[in-house]
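Undergrad: Structure incoming, see below.
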Amino acid sequence: MRHQQVSVNVWQMVQTSGTYLALAFCAWVLLRLVNACFWLPGYLRKQREDEMKEEAEEKEKLLEEKETVQASGEEPEVTDGQTVSEESKKTI
């Protein structure tokens, strides 16, 4: 058996490790995108429901204000679709 000498090719090692790191990064990105495909629709649905609830609460609040103003016998001023109460007129 002959004596064999082992030589270390540093450039080949760096190139291979860089390739493996790039492959690992691409796999991580792929997993994040697959996760987003399942997570995003639920998140958007929840966000839309929250916005609809806030909008409904806002409309209900405006209706209550309008009813209290009408109950007091005053005529509310409307600017840009919103009522202006007497208290807000005094502060101007």
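The values are calculated or read from the model by the stated rules, or taken from the named source; none is laboratory data. All values reported here derive from a predicted model rather than from experimental measurement. For accessibility, only protein heavy atoms count, side chains too; no ligands or nucleic acids. Shrake-Rupley method; radii C 1.70, N 1.55, O 1.52, S 1.80 Å.
Undergrad: Only one of R2, R45, R32 is open to solvent by 100 Å² or more (accessible area, probe 1.4 Å) and not in a helix (DSSP H, G or I); which?
TA: Numbers: R45 fails: not in a helix (DSSP H, G or I); R32 fails: not in a helix (DSSP H, G or I).
Result of the check over R2, R45, R32: R2.
Undergrad: Moving on. Looking at this structure, is E58 charged (D, E, K, R), at pLDDT below 85 and open to solvent by 100 Å² or more (accessible area, probe 1.4 Å)?
TA: Values: charged (D, E, K, R): yes; at pLDDT below 85: no; open to solvent by 100 Å² or more (accessible area, probe 1.4 Å): yes.
Here the answer is no, as E58 does not meet what is asked.
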